[in-house]
1. Suppose a student asked you for the relative contact order of chain B, using Cα pairs under 8 Å spaced at least 6 residues apart; what percent would you report?
2. Dipole of segment B:239-388 (Lys/Arg Cβ +1, Asp/Glu Cβ -1, origin at the Cα centre): which of B:351, B:265, B:255 lies farthest to the positive side?
3. So how tilted is helix B:7-25 from the main axis of chain B? Cα-based, degrees 0 to 90, rounded to 10.
4. So, with +1 on the Cβ of K and R and -1 on the Cβ of D and E, and no other charges, what is the size of the charge dipole of the protein assembly as shown about its Cα centre, to the nearest 20 debye?
5. Quick one: label points 7 angstrom along Cα→Cβ at residue A:34, distances to the other copies in nm, smallest first?
6. So what's the angle, to the nearest 10 degrees on a 0 to 90 scale, between helix A:44-57 and the longest Cα principal axis of chain A?
7. According to the square roots a ≥ b ≥ c of the eigenvalues of the Cα gyration tensor, what is the shape class of chain B, taking rounded for a/c under 1.5, prolate for a/b larger than b/c otherwise, and oblate for the remainder?
8. State the extension gain, in nm to one decimal, for the chain segment bounded by residue A:232 and residue A:381, taking 0.36 nm per residue of separation less the distance between their alpha-carbons.
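The values are calculated or read from the model by the stated rules, or taken from the named source; none is laboratory data. Source: prediction; values computed, not measured. Every residue, glycine among them, receives a Cβ derived from its backbone with ideal geometry; neighbour counts consider all protein chains shown. Please note that ligands, DNA and RNA were not included when accessible areas were found on the heavy atoms of the full protein model with its side chains. Shrake-Rupley method; radii C 1.70, N 1.55, O 1.52, S 1.80 Å.
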There are 2 protein chains.
Amino acid sequence: MSGQLAGGDLSRLRQLNTLAVVHALRRQAPRTLREVSRAAGLSRAASEEVVHELEAQGWVEQVDPAAGTMGRPARRYRFRADAGWVLGVDIGGHTVRAMVADLDGEIRHALRQPVSPTAGRAERLAVVDKVVAECLAGSGRTGAEMWATTVATSGLTDAAGRVVLSVALPEWTGVHLAEHLSRLVAGPVMIENDSRLAALAETWRGVARYAQNVVYLLAGLRTGTGLIINGRLHQGFAGAAGEIGALPEMGWIRAQEHLRVWPDAPAGTDSEDVAALVFAAAREGDRRALTMVRRYVKDLALGASALVLALDPQMVVLGGGFSRSADVLLEPLRRELDKRCIRTPEVLQSALADDAVALGAVRHALDHLERHIFDPGSGLAAPAAPKR
Amino acid sequence: MSGQLAGGDLSRLRQLNTLAVVHALRRQAPRTLREVSRAAGLSRAASEEVVHELEAQGWVEQVDPAAGTMGRPARRYRFRADAGWVLGVDIGGHTVRAMVADLDGEIRHALRQPVSPTAGRAERLAVVDKVVAECLAGSGRTGAEMWATTVATSGLTDAAGRVVLSVALPEWTGVHLAEHLSRLVAGPVMIENDSRLAALAETWRGVARYAQNVVYLLAGLRTGTGLIINGRLHQGFAGAAGEIGALPEMGWIRAQEHLRVWPDAPAGTDSEDVAALVFAAAREGDRRALTMVRRYVKDLALGASALVLALDPQMVVLGGGFSRSADVLLEPLRRELDKRCIRTPEVLQSALADDAVALGAVRHALDHLERHIFDPGSGLAAPAAPKR
C-alpha cells in the first residue's frame, strides 16, 4: 500500500487547510500567526502561507496594533466578515421588517414599518421596497453588495420564489417575490415560509440553541408552526411541511377569534392591539379576559398536542407576536398539553419574539452562503456574491 | 506538506480495505479474487491478503467449483452470512410471530401462533416462549447463536426494555420484555414499538424503499403510525414519537369501532374476522358495509391528514392487518386526504401486510449489528455475538 499523496489529494489538503484557517479566524478577536497556527492545527509555515493568500484575496486583513503597545508587537489578523453581506426581509400581515447582516451574522441595521392587514398587493410591495431601501441606506450598504437575500412570507412558496398560496393574505397568492426582490439586490433571492424561518432563528440565537427536536409555534393573529427534526429545519417532500393548522379539527383557524373583541377597546383598534388588551386584563385577573385566554390556549393546544404526540420533541417554543404575553399563556398551555400528551416537553417562551422571522431570514441567507462559499468539497470561493 | 501516511493512518486504511472486501462479497454470488479486487477497488495482492485474513477469522469461505467445470477453475469466495443470526419477534394482540434471519437479512424461518386478545401477561409470555423456541428449532439454530434480538410490542417502551404503557394490552404495562427474552437468546435484546418497526420494514423491503419521508399507517384493530423523516425512523426525544392517535380529535381511538359489528357474523367471531366480513361485503357493493367502511376511513384520515399537513411526506403507506383490504380502502382514503390536505402525497398499500412488524424487528436487530460489527471507525469485529 502506497503512502504517497497524489496531486488531487494535495490540492484537497490545501482547501482543507484554507478552511481551517478561516475557521480559526471567524467570529474571533484578531489573532497572531502563532495563535492561528495552533487553532488550525497547522505548522507555522503553512498557516502563514494560507493567511497571506487569504489576505491577497480580501478574506483576511491585518489589524493595527493596539495604541500604546511597546516594542514591535506580533501582527494580528482578522476575518473580514464585512467582505460580504446578507439581507433578511419579513413581509408580515401588519409589519414589514428588514435586517442587513455581515458574513458572521452580526446585524448591522434593522428596520420595521407597519402595513395595513388589508393592503393590496401593490401597496404591500411598495412598503417592502421602502423598508429594504431604508435598511440598506441605514447599514451604509447598497443592494449590489448583498450576496444573498431571504424573504419570509406567510403561506406556501415554490422553488422559483413565488407565493403559491397564502390563506392569511389572499391578494398575496401568485406574487413572484423572488423576481420582485431581485430588482433591489444582487445575489440569489430565496423565499421561505415565515413560521419555518422563525423556528430556524430560535435554534440559532434563541431558546432552542442546543435542541435537536423542536415544535415552534408562531402565535399571533394567525397560528403557524416550524419543525426542527434531528437538528434540521423540516421542509417536507415538496416544501409544504408545517401546515397542520389548515385542518379545522386542530383549532388553529378559530383560535385567535377568541381574542378579537374586547369591550374597552376603542372602535377601529387594530386586532393585534385588541389581543394585547385582553392579555393585559387577564394579567390583572379579569375573569372575562381569563376565560377568553383559556379558550384561545385550548384551541392552540389542540394542534400543538397533535404535533407533540406525533414528534415527541424536546421542547415547544411559543413565539410570534402573542409570545410577548407568555406570562399569561405559558402555564395554561403547559396544563392543556399535560392533559393530552403522553410526555409533555418543556414549554418555553421565544427569546426573539417579533424579530424571529427576520432573523431566521438572515440565518437562511447565511446558510446558503456557507454551503456555496465555505464548501469543504471545493474549498473557499473568491469573495464575491454567488451567481444567481 | 508531507505526503507520508503515519502508522495510525495505515491501520485505518487496512480497516477500510477489509470493509471494502466484505462489501464486495456480501449479498453477492461467490466471487473470484479478480472480481473481489475489481469490486473493492484494491490491488489483486491487497485483496488476496484481506480475503485470506477474513477466511482465517471465519467471515469468508471458499466455495466448491461448480460440478463439471473443466480445467482448473479460479477459486471463488463467499461472505458467510450464516456466521451469525438475528431474531425478530412481534408480540401482537391476536398473534405472536418470530423470524430468524442471517446476517444478510435472509429469513431462514418464520412462525406465527394466535393468542387471545384477552390473554393475561403470563399466558401471552408463554406463547412468546413457545413461538421463539419453535422458530429457533425450525431454523436449525439455538438461542445461543442469536447475535441480536428485537422484540416488537404495542405501546411505549423504555431504554431498559420495559413496556412503560400499553393502551391496547393493559396487562402488558410494566412487563420487562428485555429481561424475559434474555433468558432465551444470547446477544443484546432490544424492545421497540410495533408501528415504528413496521415503517422500518417498509423502507427496507416494502413500497417505501426509495423514500426519505414516509407516513406509515398501521391499520387494524388499533391504529398506529411510524414516521420516516429524512430517511431515518423518527423516535423522538424520549422515544415516544408516533402517538398522535392518543388525541381523541384524531379519530383513531374510535375508527375501528365502525367495523366491530356485522349482522351476518356468527356469535363469538373474532373482531379481525368481523372486519374482514365488512370489507368483503363492501367489495361486493353492499351499501351498509360501504357506509361502515366510509366512516372508518373518515376517522383514519383525520389523524393521517394531520400528519400529512405537518410533515408533507412523499408517501402514505397503508399497512397492518386491514391493508389486505386495501382495494376497498385506498381510494376512499385518497379522497379524504384530498379534501383536507394542501398537497396529497401518494397513498400506497403496504407490500408486507402482517409480516411488516416482525420483518422490521429483524431489520432493527441487523441495524444494531451493522453499527457494532461493520464499523468504519474501528473496522470489522471478530465474528461473535456482541456483548450485551
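1. 17 percent
2. Of the options given, the answer is B:255.
3. The angle comes out at about 60 degrees.
4. Charge dipole, the protein assembly as shown, about its Cα centre: 820 debye, nearest 20.
5. 6.2
6. That helix lies at roughly 70 degrees to the long axis.
7. Note, shape of chain B comes out prolate.
8. Separation in residues times 0.36 nm, less the Cα-Cα distance, equals 51.1 nm.
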